[in-house]
Number of protein chains: 2
Amino acid sequence: MTIKSRRRGPLLENAILDAAWAELAVTGYEGLRMDAVAARAGTSKTVLYRRWPSRVELVLASLRKNSAAPAVAPDEGNLRDDVVAILTWLSDRYQSFPEIMRGIMVELPDVEGNITQSSVHFMTIAMDRAIVRGEIGPAMPSPRVWRVAMDLARYEMFVTRKPLQAEAIAELVDLIFMPLVSS
Amino acid sequence: MTIKSRRRGPLLENAILDAAWAELAVTGYEGLRMDAVAARAGTSKTVLYRRWPSRVELVLASLRKNSAAPAVAPDEGNLRDDVVAILTWLSDRYQSFPEIMRGIMVELPDVEGNITQSSVHFMTIAMDRAIVRGEIGPAMPSPRVWRVAMDLARYEMFVTRKPLQAEAIAELVDLIFMPLVSS
DNA sequence: CTCAATAAGGTACTTCAGTATCTTAAATTT
DNA sequence: AAATTTAAGATACTGAAGTACCTTATTGAG
């Protein structure tokens, strides 16, 4: 009783991405097996590798499909709380898929282009707003300065393999980020 | 003409660590094959795994044997230059074995215990000296603050997969570290 | 010196990412 | 509607980490 129908194109692609997502929920990133994804999607590994060159790329595609970044930057009315909100979002996102994010950071050549985009975008918006409000001086500080909280947050999550606690976020913002941008 | 002699204990162990070091020089971390190390050491994989539970542990042991941290903390006479020296050392060390350090960061559960020790040690010495000199206030700042330059340096090397340029080090120190500890 | 305990060396195995190759269904072209 | 092109699906393979298990050289205790 072989079913002879063959899905193609986006239909098949979506089925695979959903299968990967379901597998991720069960096994996490480390435990994800390409064979298992193929089996769940009712296809074979060959088909996966025709679309994505590696496991991490497939996982990333699945993540993109299933967990989009929020459309708008947080707007709490002041820079400090905007940055807390950005880091909290970052950490929550990481909380949901800590292994996935770690795997992507590790295996993808271009972390900057694949992982940091949204938070960089949100940070620049928050900084612009703060400048307009007059909260900080009129000149945009060096990227190293305005990225500092994000980068430290990501480093800490990477090393500890855990999401950030609220106190950690508060310390990053109040002991490091705010003093630097306010000076 | 089989040689029947069997090395044991430290003699064998050193031979393996040296073989691993030689392989690393040829292949880098990613390319290092356990079989190749075993072959070069004139033994077999089983013996390696009896001593080290994984490739990364063997590599780390080899790194420890072959590339010790400097015995004394840099002492440039002022905090700024001490921190530049520490970061420069960190980056040079990374320059020699970028892949190795990355592999260790990725695969070892305890980065803090295995990678950051020396630089943490040097940083606390530099901070203590600065306090004694009166360069900064008498209270030791939060670890998050005095670790900031090191952590950012390591994050940047991890993401870019390259050692830090001198300007990057200067920026980390002059735009971030010094303003925070001097305030 | 003999014998038991330890650990070295060898071989074969398992697992999984990624590749190669072939067959055939489905879409496309004429 | 037949021919051609595209890509899905199946199966088998390669390469490497790590494991299992067995044989035997070396150590060292009596």
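If each of B:Q117 and A:S183 carries a label point 7 Å out from its Cα toward its Cβ, how far apart are those two points in nm?
Taking the two extended label points, one gets 3.3 nm.
Give the distance, in whole Å, between the Cα centre of region B:1-58 and the Cα centre of region B:144-183.
Comparing the Cα centres of region B:1-58 and region B:144-183, I get a distance of 36 Å.
Counting only pairs 8 or more places apart or on different chains, how many lysine pairs in the protein assembly as shown have C-alpha atoms closer than 22 Å? Walk me through the intermediate numbers first.
Values: A:K4/A:K45; A:K45/A:K65; B:K4/B:K45; B:K45/B:K65.
Lysine pairs satisfying the spacing and distance rule in the protein assembly as shown number 4.
Tell me, what is the percent relative contact order of chain B, built from C-alpha pairs under 8 Å that lie six or more residues apart?
Details: 149 pairs, mean separation 38.8, N = 183.
Rounded, it is 21 percent for chain B.
Rounded to a whole number of µm²/s, how large is the Stokes-Einstein D of chain B at 20 °C and 1.002 mPa s, given Rh as the Kirkwood radius over C-alpha pairs? List each step's numbers first, then the result.
Details: Rh = 18.2 Å.
Calculated translational D: 118 µm²/s.
Could you tell me the largest-minus-smallest coordinate of the C-alpha atoms of region B:7-101 on each of the three principal axes, in descending order and whole angstroms?
Ordered largest first, region B:7-101 gives principal extents of 51, 26, 19 Å.
Can you give the FRET efficiency to the nearest 0.05 for B:L12 and B:S67, using r as the Cβ-Cβ distance and R₀ = 25 Å?
0.75
Using a Förster distance of 25 angstrom, determine the FRET efficiency expected from the C-beta separation of B:K45 and A:E107, and round it to 0.05. Show your work: numbers first, answer last.
Numbers: r = 25 Å, r/R0 = 1.00.
Computed FRET efficiency for B:K45 and A:E107 comes out at 0.50.
Rg and Dmax of region B:116-174, Cα atoms, in Å?
That works out to 12.7, 37 Å for Rg and Dmax.
Out of every Cα-Cα pair in the protein assembly as shown, what percent are more than 34 Å apart? The partial results should precede the final answer.
On the way: 26821 of 66795 pairs.
Summing the P(r) of the protein assembly as shown above 34 Å gives 40 percent of all pairs.
Mind grabbing the base-10 log of I(q)/I(0) for region A:81-132 at q = 0.23, 0.27 Å⁻¹? Debye formula, identical points on the C-alpha positions, no solvent, two decimal places.
For region A:81-132, the Cα-only Debye profile gives -0.89, -1.04.
Please identify every one of the GluC sites (Glu not before Pro) in region B:136-183 that sits in a loop by DSSP and has no more than 13 other beta carbons within 10 Å of its own beta carbon. If you can, show how the numbers build up before the last one.
Details: sites: B:E156, B:E167, B:E171; in loops: none.
Sparse-neighbourhood loop GluC sites (Glu not before Pro): none present.
Measuring from a point 7 Å out along Cα→Cβ, what nm distances, shortest first, does B:R133 have to its partners in the other copies?
For B:R133, the other copies' label points sit at 3.8 nm, shortest first.
State, to one decimal in nm, how far the label point of B:A166 lies from the label point of A:A25, with both points 7 Å from Cα in the Cβ direction.
5.6
Residues with beta-carbon under 11 Å from that of B:Y155, excluding B:Y155: net charge, scoring Lys, Arg +1 and Asp, Glu -1? Show your work: numbers first, answer last.
Numbers: positive: A:R147, A:R154, B:R154; negative: A:D151, A:E156, B:D151, B:E156.
Net local charge, B:Y155 excluded: -1.
Readers should treat all values here as calculations from the given coordinates under stated rules, not as data from a laboratory. Quick caveat, the model's predicted, so the values are computed rather than measured. Cβ atoms come from the backbone with ideal geometry, glycine included; neighbour counts cover every protein chain shown.
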